[in-house]
Every structure is written in C-alpha cells, then in structure tokens.
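I have placed the structure first, in the form of structure tokens, so that the comments after it can refer back to it.
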Amino acid sequence: MSNKHAQKRECLPEFLRDLFWDYDFDDLNWQDDRDLITLRVLASGTWDAVKWLRDMLDDRSLREWIISRQGRGLSPAQLRFWELKLRLSHKTVSVWIKLQCSGPWGGRNSS
C-alpha cells in the first residue's frame, strides 16, 4: 500500500477540527466520512484545508463528487471557482445555480 493510501486511513489533520465542531472530531476518518469531509472542506475550509483535500482527491474524483451532488452545498461563487478549476460545464453549473436560487431558500443571500 502506498503512503498516500495509508494516510487516507489515518485520523484527520488537526487543522480541520474547527470545521467539525458539531461532530466528535476524533471519530471522523477519511475512509468512512469522505462525503462529509469533502463537503465541509469545500464549503467552509481554509485554503490549507482545500490543499489537503486536493492531496486526498485527484481532479477527476473531485469533479465526479461535485457532479454527483449537482453542486449542492456549495455557493454560486464556490461553484464558479470549481467550474474553472475542474473544467466543469458552464451550462451545467449555471443550471445548478439557478436551481439553488429558485428553491424554497433561494435568493435569501443574494444582494
């Protein structure tokens, strides 16, 4: 097993602790909690947290994760950033953003 795969089974780095204030941080691990960890890091993480996540997930995997969720949990600005970084379809991301804004809570944070 490569070092990268071995690291994925270990505890999360301490600098992520604040993102999981509502969980028992010491019980979280990459293997079992990948979706939760990915969402929290992308939605609320620092740049260091995002860099850590990108070490854990390659671009293809991250792209697939965002597509499978249709961007749910990410702000329009975050979705636009990942659209550019991961070469997501502009049209698809626009649809996701439009759906977010038309939902029951849509537009509440818009200026």
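The values are calculated or read from the model by the stated rules, or taken from the named source; none is laboratory data. Keep in mind it's a predicted model, so treat the numbers as computed, not measured. Positions of Cβ are generated from backbone atoms using ideal geometry, with glycine treated the same way; all protein chains shown enter the neighbour counts.
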| request: Go through region 35-50 and give me each residue that's assigned to a helix (DSSP H, G or I) and crowded, with 17+ Cβ neighbours inside 10 Å. | output: ILE37, THR38, LEU39, ARG40, VAL41, LEU42, ALA49
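This table checks each residue for (1) among the hydroxyl-bearing types (Ser, Thr, Tyr); (2) more than 12 Å from THR38 (Cα to Cα); (3) outside the structural domain of ASP33 (by TED's automatic domain parsing); (4) surrounded by fewer than 13 Cβ atoms within 10 Å (Cβ to Cβ).
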site: TRP52; (1), (2), (3), (4): no, no, no, no
site: TRP65; (1), (2), (3), (4): no, no, yes, no
site: PRO76; (1), (2), (3), (4): no, yes, yes, no
site: ARG80; (1), (2), (3), (4): no, yes, yes, no
site: GLU83; (1), (2), (3), (4): no, yes, yes, no
site: LEU86; (1), (2), (3), (4): no, yes, yes, no
site: LYS91; (1), (2), (3), (4): no, yes, yes, yes
site: ILE97; (1), (2), (3), (4): no, yes, yes, no
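Right, LEU79: part of a helix (DSSP H, G or I), of a type outside the set (D, E, K, R) and modelled with pLDDT of 95 or more or not?
Considered against the rule, which asks whether it is part of a helix (DSSP H, G or I), of a type outside the set (D, E, K, R) and modelled with pLDDT of 95 or more, LEU79 comes out as yes.
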| request: Answer yes or no as to whether GLN7 is modelled with pLDDT of 95 or more, part of a helix (DSSP H, G or I) and out of contact with any Gly (no Cβ under 7 Å at 6 or more places or on another chain). | output: no
| query | Can we say TRP82 is over 19 Å from GLU10 (Cβ atoms) and under 11 Å from the mean Cα position of the chain (by Cα)? | reply | yes
